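To start, the structure itself, in structure tokens.
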Amino acid sequence: MAVSLQGPSKIRTARLEADCLRLRMDGLSHRKIAARLGVAPSTAYKRIHHALVQINSQTAEDAKTMRTLEALRLDELQAALWEKATSGHGPSIDRVLAIMARRARLFGLDGPEKIETSPCDPQELRFRRDLLIKQLIAEVRRFEAERA
């Protein structure tokens with residue numbers, strides 16, 4: 001099996017990115033991170049920025065997937081109650097209205113009640129950082145095993 005010539009470089013970059021992100025989460029400035037890791041401050045900034053863009057992108061994609069799944073579930077529930085509700089069955093009408101209200105909240109249709117989650121929540125970023133580091137370590141180990 002041929003090994004990409006870019007493989008080791010990509011792994012070094014991924015390790016640097018994980019180290020930069022970990023140090024940033026620990027409160028170090030870009031300059032202090034650069035000094036500690038022996039890179040230029042602009043490199044530290046770029047590695048942190050790239051990691052956060054990836055995390056934010058994944059978070060947005062995960063949220064989109066969950067909204068789609070929840071919408072499908074709400075559709076199924078509403079369809080199951082629809083006939084009774086449209087024939088005047090009070091409890092079914094109440095349930096359909098509750099489902100419709102839930103859908104409106106899910107998609108932010110009620111404006112002021114829409115709740116945004118912040119991708120900059122420190123606890124969430126620590127979780128994402130740890131997950132990213134674990135994924136990077138697993139990838140490095142996989143790469144090293146392939147080279148052995």
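Values as computed for the structure displayed
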{"item": "Any pair with Cβ under 9 angstrom, 6 or more apart, that starts in segment 62-89 at a residue that is closer than 17 Å to LEU109 by Cα and ends at one that is polar (S, T, N, Q)", "result": "ALA63/THR117"}
{"item": "Scope segment 70-106; condition surrounded by 12 or more Cβ atoms within 10 Å (Cβ to Cβ) and polar (S, T, N, Q); matching residues", "result": "GLN78, SER92"}
{"item": "Qualifying residue in segment 64-79 (condition: in a helix (DSSP H, G or I) and within 23 Å of ARG24 (Cβ to Cβ))", "result": "no"}
{"item": "Hits in segment 20-48 - residues which are out of contact with any Cys (no Cβ under 9 Å at 6 or more places or on another chain), touching a residue at least 24 places away in the same chain (Cβ under 8 Å) and not basic (Lys, Arg)", "result": "CYS20, LEU21, MET25"}
{"item": "Criterion (under 29 Å from the mean Cα position of the chain (by Cα) and modelled with pLDDT under 90) met by exactly one of ARG105, ARG73", "result": "ARG105"}
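The values are calculated or read from the model by the stated rules, or taken from the named source; none is laboratory data. Every value quoted in this text rests on a predicted model; they were computed, and no experiment measured them. Every residue, glycine as well, gets a Cβ built from its backbone with ideal geometry; the counts of neighbours run over all protein chains shown.
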